[in-house]
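A short write-up of the structure that comes next.
The values are calculated or read from the model by the stated rules, or taken from the named source; none is laboratory data. Just so you know, these numbers come straight off a predicted model, no measurement behind them. All Cβ positions, even for glycine, are placed from backbone atoms using ideal geometry, and neighbour counts span all protein chains on display.
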Amino acid sequence: MYEYINNTESDVDQLKQWVEQFLPYSKKKLGFDQPVTIIFHGDEENASNIFGKTAQYSPDTFEITLFITDRHPKDILRSLSHELVHHKQNCQGHFHGNEEVEQNRVTHRTILI
């Protein structure tokens, strides 16, 4: 039901285990019915940018990209949780013909105050 892609030079085995524990719970609570691909992405430049990306969802490919460089695992799981809500919305047809989804991608940035 889930596919993982590691686009980093890091060992993501522990993070992957936490995600694997979290996904069945999320699927049950949110009720999404399509598989999702989780991409672990490393990006030093993005990590050094206070307004850098934390995660993004691509409705056309059912992919969640998690930017993991220099982030605590619970923060990464929080981003995953948020993107899974978008996955549920996509599974329910909310993104079909939605002009607000630029280039078929919903992107979020964290702003720290």
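Before moving on, here are some points about what is shown:
- Complete set of residues in the range 63-81 that are within 15 Å of V12 (Cβ to Cβ), surrounded by fewer than 20 Cβ atoms within 10 Å (Cβ to Cβ) and either hydroxyl-bearing (S, T, Y) or in contact with a Phe, Trp or Tyr (Cβ under 8 Å, 6 or more places away or on another chain) (or both): T69, P73, L77
- Scanning the range 82-92 for residues that are surrounded by fewer than 16 Cβ atoms within 10 Å (Cβ to Cβ), outside any strand (DSSP E or B) and modelled with pLDDT under 95 turns up at least one hit.
- The range 38-62 - residue that is under 20 Å from E9 (Cβ atoms) and touching a helix residue (DSSP H, G or I) at 6+ places or on another chain (Cβ under 9 Å) and, of those, surrounded by the most Cβ atoms within 10 Å (Cβ to Cβ): A55
- Enumeration of residues in the range 26-37 that are under 17 Å from K74 (Cα atoms) and either exposed (fewer than 10 other Cβ atoms within 10 Å of the Cβ) or among the hydrophobic types (A, V, I, L, M, F, W, C) (or both): none
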